[in-house]
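Colleague: Quick one: the structure is below, and I'll ask about it shortly.
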Amino acid sequence: MILQTNMEYVKLGNSDLRVSRICLGCMGFGDASIGQHSWTIGEEPTREIIHRSLELGVNFFDTAIAYQLGTSEQFVGRALRDMAKRDDVVVATKFLPRTDEEIQQGIDGRQHVLNNINSSLEHLGMDYVDLYIYHIEGAVKSLDVHLTADDIRYLEEPYMPHNLSGVMAVNKPVMNEEPVWVAASKNK
């Protein structure tokens, strides 16, 4: 349903993702009765905003599992499934570090990431996300996680002082081995 042709689109970093110059941040969407913020808006106004954004050519949507306990992901996912072709939109979501409770339960970083991406995919009702963001500075380098490109197309670490504010990593299998996340070079 992306109708507006005046929107500018750019390649996101070194990825093959073509995104609108405007990304719709979805922190304000979600069930206000649960989660961290009481000022979020419900599903119907969320759908109206997403509908209008698509009409104006926005194809880039950013949410997070932490936004209103996943209800932002749910609202965004349902709206996009109803209003757009999956290949026409770029969906970013974020996850947070392990909780003290998870650490005490022996859940390692790998299992934490897998649990979170699976929950996000379920909330969104999607088979994959385009951009997965670890919501903590310096953390991507410490990840020892083997994820498949079936779940996540790109992984980003936010808050770095350069364009796009992140270190983009691409899931690249090495000679029939397990996939490995490698930092995308700005010099390519």
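Colleague: Among the residues of region 63-84, which ones are free of Cβ contacts under 8 Å to residues at least 60 places away in the same chain, on the phi < 0 side of the Ramachandran plot and not hydroxyl-bearing (S, T, Y)?
Modeller: Passing the criteria: I65, E73, Q74, F75, V76, G77, R78, A79, L80, R81, D82.
Colleague: When region 96-139 is examined, which residues are found to be open to solvent by 70 Å² or more (accessible area, probe 1.4 Å), closer than 30 Å to R86 by Cβ, at pLDDT 90 or above and polar (S, T, N, Q)?
Modeller: Of everything in region 96-139, just one residue is open to solvent by 70 Å² or more (accessible area, probe 1.4 Å), closer than 30 Å to R86 by Cβ, at pLDDT 90 or above and polar (S, T, N, Q), namely N118.
Colleague: Give all pairs with beta carbons closer than 7 Å in which a residue from region 113-137 that is closer than 14 Å to G77 by Cβ and small (G, A, S) meets a residue that is modelled with pLDDT of 90 or more and open to solvent by 40 Å² or more (accessible area, probe 1.4 Å); count only pairs at least 6 apart in sequence or on separate chains.
Modeller: Every condition considered, the pairs that remain are G125/R78; G125/R81.
Colleague: Select from region 54-95 the residues that are of a type outside the set (A, V, I, L, M), surrounded by fewer than 18 Cβ atoms within 10 Å (Cβ to Cβ) and assigned to a loop (DSSP other than H, G, I, E, B) and list them in ascending order. Lay out the reasoning, then the answer.
Modeller: Narrowing region 54-95 to residues of a type outside the set (A, V, I, L, M): 55, 57, 59-63, 67-68, 70-75, 77-78, 81-82, 85-88, 93-95.
Narrowing the set further to residues that are surrounded by fewer than 18 Cβ atoms within 10 Å (Cβ to Cβ) leaves 55, 57, 78, 81-82, 85-88.
Passing the criteria: G57, K85.
Colleague: Do any residues in region 87-111 that are over 29 Å from G25 (Cα atoms) have Cβ atoms under 8 Å from those of residues that are in a helix (DSSP H, G or I) and open to solvent by 30 Å² or more (accessible area, probe 1.4 Å), where the two are at least six apart or on different chains, and which pairs are they?
Modeller: Close Cβ pairs (under 8 Å, with a partner that is in a helix (DSSP H, G or I) and open to solvent by 30 Å² or more (accessible area, probe 1.4 Å)) amount to I107/N115.
Colleague: Could you list all residues from region 32-44 that are more than 14 Å from G77 (Cβ to Cβ), open to solvent by 50 Å² or more (accessible area, probe 1.4 Å) and either among the β-branched types (V, I, T) or in contact (Cβ under 8 Å) with a residue 12 or more places away in the chain (or both)?
Modeller: Here is the first cut: in region 32-44, the ones more than 14 Å from G77 (Cβ to Cβ) are 32-42, 44.
Restricting the remaining residues to those that are open to solvent by 50 Å² or more (accessible area, probe 1.4 Å) gives 33-34, 36, 38-39, 41, 44.
Correct list: I34, Q36, I41.
Colleague: Taking interchain pairs and intrachain pairs at least six residues apart, which have beta carbon atoms under 6 angstrom, with the first residue in region 1-16 and within 23 Å of H51 (Cα to Cα) and of a type in the set (S, T, Y) and the second at pLDDT 90 or above and surrounded by 12 or more Cβ atoms within 10 Å (Cβ to Cβ)?
Modeller: From residues that are within 23 Å of H51 (Cα to Cα) and of a type in the set (S, T, Y), the pairs are Y9/R18; Y9/S20.
The values are calculated or read from the model by the stated rules, or taken from the named source; none is laboratory data. Keep in mind the model is a prediction, meaning the values are calculated, not measured. Virtual Cβ from ideal backbone geometry, glycine too; neighbours counted across all protein chains shown. Just so you know, the surface numbers come from the protein's heavy atoms only, side chains and all, with ligands and any DNA or RNA stripped out. Shrake-Rupley method; radii C 1.70, N 1.55, O 1.52, S 1.80 Å.
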